[in-house]
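As structure tokens, the structure follows; a few thoughts come after it.
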Amino acid sequence: MLRDALDRPLTDGFIVHGTDVETRWESDVPAVTPIDRFFVRNHTRPPVVDAGLWRLLLTGDGLYQDTTLSLADLRDLSPVTEELALECTGNGRHYFDRQQGTPRPGTQWETGAIGVARWTGVPLARVLRRVGLRPDAVSVMAVGLDDPYVEDGVDHGRVRRPLPIQKALDDVLVCWEMNGEPLPPDHGFPVRLVVPGWVGIASIKWLGELRVTRRPEPSPWNTRWYRMHGEGWHGEEAVLGRMPVKSLVDTLEPVPAGRPVVLRGRAWSGEAAIAGVELSTDGGASWRAARLVGQNRASCWTAWEAEVVFDRAGEHCLVTRAVDTDGRTQPDVSPDNDQGYLFSAPIRQSLTVAG
Ligand code: MTE
């Protein structure tokens, strides 16, 4: 079953949840996630598409005329390559149960439904302007070529989600390469969107159509799913866009007691860079500042490190909390919601200190 759904060898680097797989969070996850460790989340199954015959349809009353573009047409629009994170909206869902005692249905992602890849493509803004965007366009519906999504006998149509025009014209990419290789079938071959800093569902794979409209156009992927609601949700019902700020420890193999050790980890935030990370080695009783290392850009992860001396051997509870450059922080408790989206509270990780 799994082999049918996934076009890749299954390595030990994955935790498998049915047809979804996540990266096992260990210290060897590099700054750029290799394709054979990158998480996969398919509502359906990868369609078989011939890249030579593939065309992107550009339709809707927000354009002056309908147009089709081939892959060669896209390649002519001065491609760019950017390192960006892609994260599933439900990443961390398992911790609604494990840390907050409110299990939520859906894939029980731990921490690895996120990856950073080097994406090659062209800005969506360039594509839309090239084909003739009307100034009063407000929405861009991205439609996948995968089979319609059927749940409990109800056909919800093709996987699709609208982007507000402001985001569409800001930093969204229309991509055909990942880490220098053509997109693998699981990741959207031949062409997908990459929507920096937004919920993973916005990054529609196997892109077939962009429908640009002068009125907002809904889809079940922003009215029924991927919005905050339910008894435990006390805010306004909100369509999900930007991802929250999060952080984790990478060093999870045993370390010695009684001498300095460097703990490493990473932090990230949708549409913002990281302003600071704090680490606790005693389950949140006391905190120290970590050092940010290397590049620190919005919608990508930033490495951090901190030197620690553990006085005693045994299990230690590590916790981290980050703040982003917009001042957003990680809440002590992640806001509850029926579908278990956006878990962003600090995650308690266990480290063995050897005597
Ligand atoms: N696009 C289509 N057409 N069909 C899908 O099922 N899954 C979405 C998004 N794009 C999906 C899709 C979800 S929920 C996520 S988290 C990301 O793709 C996952 O991208 P990946 O599998 O390349 O990691």
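Of note:
- Residue among GLY200, GLY314, GLY60 with the largest mean-square fluctuation in a Gaussian network model of the chain, springs linking Cα atoms under 10 Å: GLY314
- Neighbour-count ranking [beta-carbon atoms within 10 angstrom, fewest first] of HIS94, HIS187, HIS234, HIS43: HIS234, HIS43, HIS94, HIS187
- Residue of GLY241, GLY188, GLY232 that the Gaussian network model of the chain assigns the largest fluctuation, springs spanning Cα pairs under 10 Å: GLY232
- A Cβ-based charge dipole, computed about the Cα centre of the range 191-300 with Lys and Arg at +1 and Asp and Glu at -1, lands at about 420 debye.
- This ranking places SER139, SER247 by how few other beta-carbon atoms lie within 10 Å of each, fewest first, which gives SER139, SER247.
- Mean projection area, nm², convex hull over Cα of the chain: 18.4
- Sequence of ASP61, ASP311 once ranked by neighbouring C-beta atoms within 10 Å, starting from the fewest: ASP311, ASP61
- Placing +1 on each Lys and Arg Cβ and -1 on each Asp and Glu Cβ, with no other charges, gives the range 246-354 a dipole about its Cα centre of roughly 300 debye.
- 222 nm mean residue ellipticity, helices alone, for the chain (DSSP H n ≥ 4; -39,500 (n - 2.57); rounded to 500): -1500 deg cm²/dmol
- A Cβ-based charge dipole, computed about the Cα centre of the chain with Lys and Arg at +1 and Asp and Glu at -1, lands at about 620 debye.
- Note on the chain: antiparallel DSSP beta bridges, both residues inside, total approximately 90 percent of the bridges counted.
Quick note: the coordinates plus some simple rules give every number you see, no bench work behind them. In this text, all values refer to a predicted model and were calculated from it rather than measured experimentally. Neighbour counts run over all protein chains shown; Cβ positions are idealised from the backbone, glycine included.
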